[in-house]
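Here the structure comes first, spelled out in structure tokens, and everything after it is commentary.
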Amino acid sequence: MTTEKIVATLQLPDHFQGTAEQKKAVTALANARLPFEVEARWRTTKHPFTVDFVRVAQCPRVVPFASVRDKVEACKPGEILIGLDRQRKPFHGSFLADDPHWGFEVGSRRGKSTFLSLSAAQILHQDPAAEATGIDVKRESFKSLFGVPRFHLHNDPADIAAMWNGIRHVKKLMDRRCNERADDPTLEFPFHLLLIDELSQFSAQSMQLWRQIKEKGDPAHPPVWDDIAAIMWQGAAFRVHIVLAGQRIDHQITGGIGLITSLGFRGLAGFRRQNWMRLAGTFPVPRSRPERGRWIYSDGESETWVQNIWATDDEIKQWATTTSHDTATEAAVAGPTEGSGKWEPGTPAAEESTQRGAEWVTGNVDAAAYLGIHPETFRKRRQAHEIPNTQRSGRSPTWTTQSLDEWGAMWEQETSEQPAEVA
């Protein structure tokens with residue numbers, strides 16, 4: 001059994017009642033004052049009332065696909081392994097539950113393309129009859145699925161009408177299944193996943209096209225939103241599901257016809273307070289994490305931090321083109337794509353570099369992401385104790401991963417051994 005180390009203690013006033021709202025407020029205050037996340041351990045049965053704070057366990061820095069491949073294979077059809085939570089336990093999303101449609105507000109360079117492509121690949125892998133449709137106005141999100149059978153991609157930003165037709169095709173598929181079920185109530189169908197990325201841009205370009213072609217008496221919103229609404233309201237019964245992703249998801253962007261409430265499973269990464277309140281709406285508002293692939297998920301009742309699976313394009317394509325009944329070949333070696341030559345925070349290549357101590361991390365932001373702390377916290381700690389062997393790359397400081405690891409370990413030891421009073 002692991003003994004928790006107290007990192008801070010707060011003495012509470014005698015009139016403290018210990019209601020759920022008060023405890024949330026105190027915990028939020030501690031998390032705002034301390035340079036790391038904490039959980040509270042309350043001592044309010046006798047005076048003096050106190051609360052001890054213990055440091056929250058963090059998700060792994062990276063979850064390579066190869067390390068969880070057996071767990072991905074074990075998923076039942078309609079269930080997706082997303083990553084590992086703070087206890088290193090598998091975290092799943094399921095289209096079999098009461099949340100058949102998903103929505104994600106994710107900032108740039110947070111692993112959104114990998115998440116969407118790997119989600120589609122898992123659905124395709126689970127059932128040779130399953131299909132997926134991808135809508136991408138920036139031609140970036142589904143590169144790993146180019147040419148994959150049963151994946152229907154519409155990604156020409158100059159042809160928004162073709163994207164509408166792709167969505168209409170999914171809606172007609174749902175309608176056919178509805179009619180077939182009416183004739184035979186015992187029918188079961190394979191999954192069909194509709195993924196729409198860069199939702200804000202898709203919405204804006206759809207409105208632009210609609211203004212050009214709409215006639216008198218037509219509705220104010222593009223008709224594509226009626227097709228999306230029909231799928232959201234009826235699709236789950238026929239195993240047709242939608243995943244929406246972008247840097248902003250709100251009432252107006254989704255056609256202004258009340259679709260937000262149909263997104264039962266939601267996630268955020270690289271978010272601000274207003275993003276959280278718009279999509280999750282719970283208190284206290286968590287602080288966004290800097291690590292790439294570190295998302296927080298909400299099902300309306302609880303929130304969970306997760307490090308999403310990281311996979312190469314080759315791994316994703318291979319998984320999508322084989323099924324659970326095939327003998328899978330060895331996955332491609334994880335690492336940067338050819339010619340990139342750039343270290344990415346939170347990638348398997350970075351983890352390997354840590355072990356070798358031979359790679360360099362340049363700039364305060366990337367170094368903070370590598371250590372899993374906020375950039376401002378990193379800056380303050382550097383002011384107190386400079387990192388040994390700091391070098392310069394142009395105007396930016398640069399360090400070996402070994403130097404960062406040793407310096408980070410020093411801070412962790414100091415904060416764990418010296419409990420602090422919260423002012």
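The values are calculated or read from the model by the stated rules, or taken from the named source; none is laboratory data. For clarity, every value in this text was computed on a predicted model and none was experimentally measured. All Cβ positions, even for glycine, are placed from backbone atoms using ideal geometry, and neighbour counts span all protein chains on display.
For region 359-423, the strands (runs of 3 or more DSSP E) that sit wholly inside it and include 3 or more residues that are at pLDDT 80 or above, touching a helix residue (DSSP H, G or I) at 6+ places or on another chain (Cβ under 9 Å) and of a type outside the set (K, R) are 396-400. Here the condition is being of a type in the set (G, A, S) and either touching a Ser or Thr at 6+ places or on another chain (Cβ under 8 Å) or under 20 Å from S203 (Cα atoms) (or both); of G300, G281, G255, it holds for G255 alone.
The set of residues from region 259-306 being of a type in the set (G, A, S) and closer than 12 Å to R248 by Cα comprises G267, A269, G270. How many residues, within region 266-280, are in a helix (DSSP H, G or I), in contact with a strand residue (DSSP E or B) (Cβ under 6 Å, 6 or more places away or on another chain) and not polar (S, T, N, Q)? The number of residues fulfilling the criteria is 1. Restricting the first member to region 24-41 and to residues that are surrounded by 16 or more Cβ atoms within 10 Å (Cβ to Cβ), and the second to residues that are part of a helix (DSSP H, G or I) and among the hydrophobic types (A, V, I, L, M, F, W, C), the beta-carbon pairs closer than 7 Å and six or more apart or on different chains are V38/A30; A40/V26. Taking the criterion of being touching a residue at least 24 places away in the same chain (Cβ under 8 Å) and either over 21 Å from Q122 (Cβ atoms) or not charged (D, E, K, R) (or both), the residues of region 308-320 that qualify are N308, I309, W310, A311, T312, I316, W319, A320. The residue that is surrounded by the fewest Cβ atoms within 10 Å (Cβ to Cβ), among those in region 282-307 that are among the charged types (D, E, K, R) and either part of a loop (DSSP other than H, G, I, E, B) or in contact (Cβ under 8 Å) with a residue 24 or more places away in the chain (or both), is E301. Could you grab me the full set of residues in region 17-42 that are in a helix (DSSP H, G or I) and in contact with a Lys or Arg (Cβ under 9 Å, 6 or more places away or on another chain)? Selection gives N31, A32. When we screen L34, L84, L12 for residues that are at negative phi and in the same structural domain as E291 (by TED's automatic domain parsing), the only hit is L84.
Right, C75: modelled with pLDDT under 95, within 28 Å of S144 (Cα to Cα), surrounded by 14 or more Cβ atoms within 10 Å (Cβ to Cβ) and under 24 Å from the mean Cα position of the chain (by Cα) or not? The answer is no for C75.
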